[in-house]
Amino acid sequence: MVMYQGGELPGPHVFAHRPSGCTDGEMSLCFNNHGVNGCLPQCGYNETVDREPQYLVAGQMKLRAKKTPPKFMLNVGDNFYWGGIPISCGAQPIAGVHWTTAHMFDTIFRQVYNSPELNTVVWLSVLGNHDYGGWMFTSGWDQQIAFTWHDQRWRLPAQFWKQHVSLPDQDFGIDILLLDSNSEDAVDPAARPTTNICGAQHNPPGANCASVGGPASLQDCPVYFAKLWQEQMAWAEKQLKASRARWQVIVTHFPCGHQAGRILARLLHHILQDLHIARHACCREVCFLCFASAKCVLALICMFLKITPMQSQVGTSEREH
């Protein structure tokens, strides 16, 4: 989605996100005019920040990594904003990578987070609603899963999966459950056309991702994601009860304040779960990570642990690729 002049060129581009009181068109005008000539104050546009926030964040990550090199990243989704990888689900066999996928990972991932300290750090990832398409479910989300077998830094082997992390010399371990919480934005096709991945207005005619394990139709879409969430809840409960790790961590895209997060919190309240990491809203604000004890710590948290690659586990056998 091209929001402003130059947005069609290769490389990371900012989506002209705006606060309430500022329309997409008004924010695009701010980008085109570099904050002057009609840019409204309520849009909050900042020329030195808003034009390259991904580079600014990556720069801070590189500086931090020089001081305290991280061992892995927990990535909460919306990996390719606004509409995910712009090919149709199933356009490329799951064993391969489409040239569009390779180009986007090169320009938006590899060439951005590319310091010596970050080049070998694995990203443990989930899918966000915009990875499915933002207002449709047929973007190339399956290609993000496929890319797991084409780049050692990228790990997203299924829509939901588990990673065990261990530090053997200290007898210390973490079980990380990475879930798909996008049932939050998968509702009746007639509802919420600008935020509904099952919406009738923006999904293409005959929308179908069944060939890669996704929804088989527009009508199937809300049911599919509701069932996917229920399947994950049963799986997560089983995994947490069986966990012998010192820490249990849940990673989702939608945070606790949303319906999926509230269901997750109620279900897991009596099961050992130490930390829930999530992020959905895209705003300039301070983010907090909250422990089950209600104590919160300022993100970013760096964990100095050794990943055990062979202990990655997908949620169900049919999602193994």
Which entries of Lys71/Lys241; Lys162/Lys241; Lys71/Lys162 show an alpha-carbon separation above 19 angstrom in the structure shown? Lys71/Lys241
Residues of type aspartates and glutamates that Lys62 reaches as a straight line, Cα spacing below 18 Å, ignoring anything fewer than 8 places off in the same chain: Glu52, Asp106, Glu117
Quick one: divide the alpha-carbon radius of gyration of the stretch 136-244 by 2.2 N^0.38 Å and tell me what you get. 1.28
Please list 225-235, 92-102, 173-183 highest first by mean number of surrounding beta-carbon atoms within 10 Å per residue. 173-183, 225-235, 92-102
For Glu231 and Leu63, calculate 0.36 nm times their separation in residues minus their Cα-Cα distance, and state this gained length in nm to one decimal. 56.4 nm
For a quick protection proxy, order the peptides 197-209, 47-59 by their average other-Cβ count within 10 Å, most packed first. 197-209, 47-59
Determine the principal axes of the Cα atoms in the stretch 84-148, then give the extent along each, sorted from largest to smallest and rounded to whole angstroms. 36, 23, 18
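Rule-based calculations on the coordinates, nothing more; no lab input. This is a predicted model, so every value here is computed, not measured. Please note: Cβ atoms are built from the backbone with ideal geometry, for glycine as well, and neighbour counts cover all protein chains shown.
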